Amino acid sequence: MLDVFRAKEFPVVLVNVNVARRVPGRTEQGPRSSLSSTEGWTYTLPQLDQQTCDMIVTKRNWGASVTTDLKRRLREAGVTPVV
């Protein structure tokens, strides 16, 4: 799917996680696991073959659109509708 999107010049968004810099005021808690360790979470998987044209979004809590600039960047790329 990534190859098809890139070939059609559709936006590809890769999301990584940086929970070491959590956004204040958010209180949701996920299942207890090894997520407290941030090692390796800020990188994208090599299998995704990250390209320079891809959008990289770093989320700091559960959602990738609430505390990031994802919606704005998608709108700027001409993606509609962005809800």
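Throughout, read-outs are computed from the coordinates displayed, never taken from laboratory work. Bear in mind that the values here come from a model prediction, so they are computed numbers and not experimental data. Virtual Cβ from ideal backbone geometry, glycine too; neighbours counted across all protein chains shown.
Couple of notes before you dig in:
- Among 6-16, 59-69, 44-54, the peptide with the highest mean count of other Cβ atoms within 10 Å heads the list, and the full ranking is 59-69, 6-16, 44-54.
- Förster radius 22 Å - calculated FRET efficiency between Q47 and R72, Cβ distance, rounded to 0.05: 0.20
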